[in-house]
Structures are given as structure tokens and as C-alpha cells.
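What follows draws every value from the coordinates through simple rules; no lab data is involved. None of the values given here were measured: they were computed from a predicted structure. Please note: Cβ atoms are built from the backbone with ideal geometry, for glycine as well, and neighbour counts cover all protein chains shown.
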Amino acid sequence: MSDAGLVVVLLGAGTYVLKALGPMYFGNRRELPTKFKTMALLLPTPLIAALVITSTFSSDNALAFDARIIGVIAAGLALWKRLPFVFVVVFAAFATAMFRLLVA
């Protein structure tokens, strides 16, 4: 089994273990404790940021500086201007495509 396959299997097993332990730990309570609510609210942002950074700056286990960076910058600007998400995606895709057309 490859390393990626092993990681997928281990993460899947860990997910099922956590799902099984939840009812045993929390019992019949419907409300999560405050520390779990806080953690659940804070975790998605750094995880998505790490995914974006990894996807943007890596290619074949090496640093890559290409048109994807322009797309992320364009998306950041669109988010800063508080555009709707659909426009953010279209703006980022357009900026990436234009950079590839004109430069690459």
C-alpha cells in the first residue's frame, strides 16, 4: 500500500473511532461543552488556510511559483472587497487564466 493510501485508511479509522467515542463521552447530553464548541469554531480556518497554501505553493514535492499565486491574490482581493463567493471564484479563475495567457 502506498503512503497516501495508508494515510487515507488511518484517517478513516480515526474518524470512525472518534464517532464511536462521542456518544460514550457525551452520553445523552445534546449540548457540547464550551471547550469543544470553541475548538470546533476555531479549527476550520487554519485547516483551510493550510490547504490553500499547500495547494498554491507546491507541485511535485517542490516549491512552485506560477499562475496559481495570482489566482490566490485575486481571490484575496475579492474577499477583501467582500464580493459574493461566486464572484470571488470567477475573479480568481479569470486572473489565473489571463496570467497564463499573457505570461506563460
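Computed over the range 43-104, relative contact order equals 28 percent, with contacts defined as Cα pairs under 8 Å that lie 6+ residues apart.
With R₀ set to 25 Å, the beta-carbon distance separating Ser55 from Leu18 gives a calculated FRET efficiency near 0.45.
Just one of (i) 1.53; (ii) 0.98; (iii) 1.39 is Cα Rg over 2.2 N^0.38 Å calculated from these coordinates, so which is it? Given (i) 1.53; (ii) 0.98; (iii) 1.39, the structure-derived one carries the label (i). Phi angles of the range 34-51 translate, via the Karplus equation with coefficients 6.51, -1.76, 1.60 and θ = phi - 60°, into HN-Hα couplings of 4, 5, 6, 4, 4, 5, 5, 7, 8, 5, x, 4, x, 5, 5, 4, 5, 5 Hz per residue; Gly and Pro are given as x.
When the Gaussian network model of the chain links Cα atoms closer than 10 Å, the mean-square fluctuations of Thr54, Thr38, Thr15 top out at Thr15. Placing a label point 7 Å from the Cα of Ser2 along the Cα-to-Cβ direction, the residues of the range 48-82 with a backbone N closer than 16 Å are 59-62. What separates the Cα centres of the range 56-104 and the range 6-20 is a distance of 33 Å.
Across the range 62-72, coupling constants 3J(HN,Hα) worked out from phi with the 6.51/-1.76/1.60 Karplus curve, θ = phi - 60°, read 9, 5, 10, 10, 9, 5, 4, 5, 4, x, 5 Hz, and Gly and Pro carry x. The loop-placed trypsin sites (Lys or Arg not before Pro) in the range 47-87, going by DSSP, that have at most 14 neighbouring Cβ atoms within 10 Å of their Cβ come out as Lys81, Arg82.
For the pair Arg29 and Phe85 in one chain, pulling the backbone fully straight at 0.36 nm per residue adds 16.6 nm over the alpha carbon distance.
Summing charges over neighbours of Leu43, with a neighbour being any other residue whose Cβ is under 13 Å away from its Cβ, gives +2 when K and R count +1 and D and E count -1. Every helix of 4 or more DSSP H residues in the chain counts as -39500 (n - 2.57), and over all residues that averages to -25000 deg cm²/dmol at 222 nm.
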